[in-house]
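**Q** Pasting a structure here, questions to come.
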Amino acid sequence: MMYVRRNDNGDIVAASQEPLSGFTEIEYDAPELQDFLCSQLNVTEGHRFRESDSSLIRVIEDLVDLLAFKGIIRFTDLPPEAQNKLMERKSMRGQDDHLNLIDNVGDDLFDFD
C-alpha cells in the first residue's frame, strides 16, 4: 500500500510509503498513482539532465578553446554548424574571465606534449 495527498481537484500531489497526516491509502498499482510517480520521475530526470548539459557545454567550449590554443585542432576543422554554435555561445558568454572553466594562466597544467 501507498499513501497519497490530493489537491482540491482530487489530483495526487504527493506520495509516501508511510502513512502521514492528510494522506489517504491507495493501492500501489493504482493507475493514477503510477501516472503521478512517472510524471515526477520525468520532471526530476529532465531537470537533472538540463543542469548537467549546461555544465558540460561550458566544459566542451573550454576544451575546444584549449585544443585550438595548443594547436591540436584548428577551429576551422570543425563543421560550420559547430563553428557557428561555438561562436554564438562565446559571444553570449562575453569576456567575463570568471566564466571560463579553463584559463590560460597556469596553462602548463594541461601540457599535452
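**Q** Rounded to two decimals, what ratio of Rg to Rh does region 1-71 give with C-alpha atoms and a Kirkwood Rh?
**A** Computed over Cα atoms, the ratio is 1.38.
**Q** Can you give me the distance in nm between label points at residue 41 and residue 54, each placed 7 Å from the Cα along the Cα-to-Cβ direction?
**A** Taking the simple label geometry, residue 41 and residue 54 are separated by 2.5 nm.
**Q** Name the long-range amide H neighbours of residue 73: under 5 Å, sequence gap of 5 or more, or other chain; modelled H, no Pro or chain starts.
**A** HN-HN under 5 Å from residue 73: 68.
**Q** Moving to a separate point now. Note down the net charge around residue 18, summing +1 for each Lys or Arg and -1 for each Asp or Glu among other residues with Cβ under 14 Å from its Cβ.
**A** 0
**Q** Something else: Which distance in nm do the two modelled labels at residue 76 and residue 20 give, with both placed 7 Å along the Cα-to-Cβ direction?
**A** Distance between label points: 6.1 nm.
**Q** By count of other Cβ within 10 Å, fewest leading, how are 76, 24 ordered?
**A** Going from least to most buried by this count: 76, 24.
**Q** Shifting gears a bit: Exposure proxy check: 23, 69, 36 ranked by fewest other beta carbons within 10 Å?
**A** Going from sparsest to densest Cβ surroundings: 69, 23, 36.
All of the numbers you see were taken from the coordinates with simple rules; none came from a lab. Since the structure is predicted, the reported quantities are computational estimates derived from the model, not experimental observations. Here Cβ is always computed from backbone atoms with ideal geometry, including for glycine, and neighbour counts include all displayed protein chains.
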